[in-house]
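Coordinate-derived values only; no laboratory data. Quick caveat: nothing in here was measured; it's all calculated off a predicted structure. In this analysis, Cβ positions are derived from the backbone assuming ideal geometry, glycine residues included, and neighbour counts consider all displayed protein chains.
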Amino acid sequence: MTNLPWVDSANSIKDKVQRVFHEQTPLTTHYDFAGGNQPIYIGETIPGTATSVSLWRIQKRTYSDNKLVKIEWSDGDARFNQIFDNRAALSYS
């Protein structure tokens, strides 16, 4: 298959989306309290993105005695490449 210069690859499109996120786009934030008072999972993306699309960055928060003690990112980074619906099954570090 020939690469057409005007057709972006999926990775190229995701890289462009990453730059837009970091530059100036206001983000939509979703919180999952997992049955408690403190948010356990926090996801951010551009407004209008479905929770089933892999354009989210997700953090997991750990609390001890109602105090935040740890923040971890899905796959160990803050890239916008996760599906918010999958937050509980992801790896965090």
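Want the number for ALA34 to VAL53: 0.36 nm per residue separation, take away the alpha-carbon distance, what's left?
4.8 nm
Considering only the other residues whose Cβ falls under 14 Å of the Cβ of GLY76, what net charge follows from Lys and Arg at +1 and Asp and Glu at -1?
Charge balance near GLY76 sits at +1.
Whole-Hz ³J(HN,Hα) for each residue in the range 55-69, computed from phi via Karplus 6.51 cos²θ - 1.76 cosθ + 1.60 with θ = phi - 60°, x for glycine and proline: what do you get?
10, 10, 10, 10, 10, 10, 10, 10, 10, 9, 6, 6, 10, 5, 10
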